[in-house]
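The block underneath contains the structure these notes are about, expressed in structure tokens.
Bear in mind these aren't lab numbers, they're just calculated from the coordinates by the rules spelled out. What you are looking at is a predicted structure, and each value in this text was computed from that prediction instead of being measured. Because the Cβ atoms are built from the backbone with ideal geometry, glycine has one as well, and the counts that use them run over all protein chains shown.
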Amino acid sequence: MQLEDRLIELETRSALQEHELQELNMLVYKQQKQLDQLQSLCETLARHILELKENQAEAPSGNEKPPHY
């Protein structure tokens, strides 16, 4: 293998690796975006559950006797 052939092979490998790196970076970006969305959804659901618990604690239960008993 001559020097020129080796250089072409190295340049080809470098270009392929650069392309793969760009694809991996895009994948990581998309996954982070999805993680951010899921975290936001979890926080919203946690607040909603807390509100439901607070409302349930404030509301009288159906098993309590009215005050006149």
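All but one of (1) in a helix (DSSP H, G or I); (2) over 27 Å from the mean Cα position of the chain (by Cα) hold for Gln34, so report the exception by its number.
(2)
May I ask you to verify whether Met26 is touching a helix residue (DSSP H, G or I) at 6+ places or on another chain (Cβ under 9 Å) and either without any contact (Cβ under 8 Å) to a residue 60 or more places away in the chain or among the small types (Gly, Ala, Ser) (or both)?
It is false that Met26 is touching a helix residue (DSSP H, G or I) at 6+ places or on another chain (Cβ under 9 Å) and either without any contact (Cβ under 8 Å) to a residue 60 or more places away in the chain or among the small types (Gly, Ala, Ser) (or both).
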